[in-house]
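Asks: The structure that follows is given in the form of structure tokens.
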Amino acid sequence: MPRIVVDVMPKPEILDPQGKAIVGALPRLGFTSFSGVRQGKRFELTVDGEVTAEILEQARRAGTTLLSNPVIEDVVNVELLAD
Amino acid sequence: MTETPLIGAAPTFSTGSRADAAQGLSGARIGVITFPGTLDDRDAARAVRIAGGTAVALWHADPELAGVDAVIIPGGFSYGDYLRAGALSRFAPLMERIIQAANARTATARLPVLGICNGFQILTESHLLPGSMIKNDHLKFACLDAKLRVENNATAWTTDYLPGQEITVPLKNQDGQYIADEKTLDALEAEGLVTFRYVGGNPNGSRREIAGISNAAGNIVGLMPHPEHAVESGYGPDAASGRSAGTDGLGFFTSILNTLVGGTK
């Protein structure tokens with residue numbers, strides 16, 4: 001069944017406390033090459049049947065009205081997942 | 001004081017000496033909305049009754065507001081805080097009615113709404129108040145008695161406080177860091193819409209120590225701390241008058257009753 005992926009990230013200017021905690025933990029495990037981490041969300045929307053342009057548009061609108069809060073987050077990617 | 005829980009009690013239940021002494025106030029009907037996962041609806045209803053009003057239980061799926069004079073959106077973890085705190089509750093049928101009523105065109109018709117903790121998060125998700133809450137900057141759940149300064153006593157929910165008065169009420173949250181862009185924060189400050197500020201330490205990293213805000217009309221107030229947990233001696237924060245004796249939160253509930261009776265808001 002086709003799936004549409006919607007990726008949501010905290011806005012660049014918003015401090016991401018979770019990402020900050022993760023970047024602090026990485027070097028303790030020997031992962032010393034990463035100076036920053038930002039944590040986002042990935043949604044996978046399953047579609048029964050063919051994905052039309054209208055359905056992709058619906059996914060975009062769902063992204064900005066429910067899946068993200070535009071005050072603190074951006075929808076950075078909406079795409080049809082290749083099987 | 002005799003008290004019965006909100007759930008299981010008749011919706012118009014109102015008795016006790018305090019209420020009898022305030023006949024005019026007990027006619028005010030304050031709705032307390034319950035979502036799946038709400039925790040503090042009973043305490044909020046109890047606070048309304050202790051202040052002398054009538055608490056009316058509302059369910060998130062109700063189609064109508066049951067003719068209440070004001071609404072409290074209490075704390076908890078509505079819908080498990082899934083997606084984002086308050087994000088799913090915002091689309092509950094009763095919230096649509098509340099959004100409509102709170103934004104009514106004429107000042108006298110605007111429904112007073114108080115959002116506490118998760119209720120504040122629901123109000124920002126509903127765009128009834130600006131900004132948003134993210135995880136506490138220290139990443140831990142915060143549970144403490146917070147000292148707040150009343151920055152604006154001209155809202156429907158704060159008239160019984162003095163400007164600059166310091167009050168102590170419990171605070172308990174995970175996603176309590178209030179944020180907004182600089183322009184929004186400047187506008188809030190300039191228009192006097194910062195209602196409460198943390199004093200003596202910022203418990204969650206909130207921008208400009210903001211603990212609560214209001215809309216321009218003053219009928220909508222949201223805050224992270226819990227005034228409903230500081231309304232009855234013996235069950236409140238520690239105070240100068242004794243252990244667990246703090247009742248600084250009661251002013252929210254007497255304010256709204258006075259506002260409704262006075263009809264000035």
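Asks: Would you mind calculating the gained length between A:Glu44 and A:Met1 on full extension (0.36 nm times residue separation, minus the Cα-Cα distance), in nm to one decimal?
Replies: In short, 14.3 nm is gained.
Asks: Same structure, new question: Based on other C-beta atoms within 10 Å, arrange B:Glu96, B:Glu151 from fewest to most. Before the final figure, lay out the partial values.
Replies: Numbers: B:Glu96 13, B:Glu151 23.
Least to most surrounded, the residues fall as B:Glu96, B:Glu151.
Asks: Two decimals is fine: what is log10 I(q)/I(0) at q = 0.13, 0.16 Å⁻¹ for chain A, from a Debye sum with one equal scatterer on every Cα and no solvent?
Replies: -0.53, -0.70
Asks: Using DSSP, restrict attention to beta bridges with both residues in the protein assembly as shown and report what percent are antiparallel, rounded to the nearest 5. Spell out each step's value before the answer.
Replies: Working: 36 of 52 bridges.
Restricted to the protein assembly as shown, the bridges split so that about 70 percent are antiparallel.
Asks: Based on the Cα atoms of the protein assembly as shown, what semi-axes does the equivalent ellipsoid have, where each is the square root of 5 times one gyration tensor eigenvalue, given in whole Å with the largest first?
Replies: 37, 25, 18
Asks: Taking only the alpha carbons of segment B:15-262, what extent do you get along each of the three principal axes, in Å, biggest first?
Replies: Here the spans come out as 46, 44, 35 Å, largest first.
Asks: Going by how many other beta carbons lie within 10 Å of each one, how would you line up B:His226, B:His60, B:His127, fewest first?
Replies: Values: B:His226 25, B:His60 20, B:His127 13.
Exposure proxy ranking, most exposed first: B:His127, B:His60, B:His226.
Asks: Taking the Cβ of each residue in B:Phe141, B:Phe120 as the centre, tally the other Cβ atoms inside 10 Å and list the residues starting with the fewest. Don't jump to the answer; show the numbers that get you there.
Replies: Working: B:Phe141 11, B:Phe120 29.
So the ranking, lowest neighbour count to highest, is B:Phe141, B:Phe120.
Asks: For every other residue with a beta carbon closer than 12 angstrom to the beta carbon of A:Lys41, add +1 if it is Lys or Arg and -1 if Asp or Glu, then tell me the sum. Write out the running numbers ahead of the final one.
Replies: Working: positive: A:Arg38, A:Arg42, B:Arg84; negative: A:Asp7, A:Asp16, A:Glu44, A:Glu73, A:Asp74.
For residues surrounding A:Lys41, the net value is -2.
All of the numbers you see were taken from the coordinates with simple rules; none came from a lab. All values reported here derive from a predicted model rather than from experimental measurement. Neighbour counts run over all protein chains shown; Cβ positions are idealised from the backbone, glycine included.
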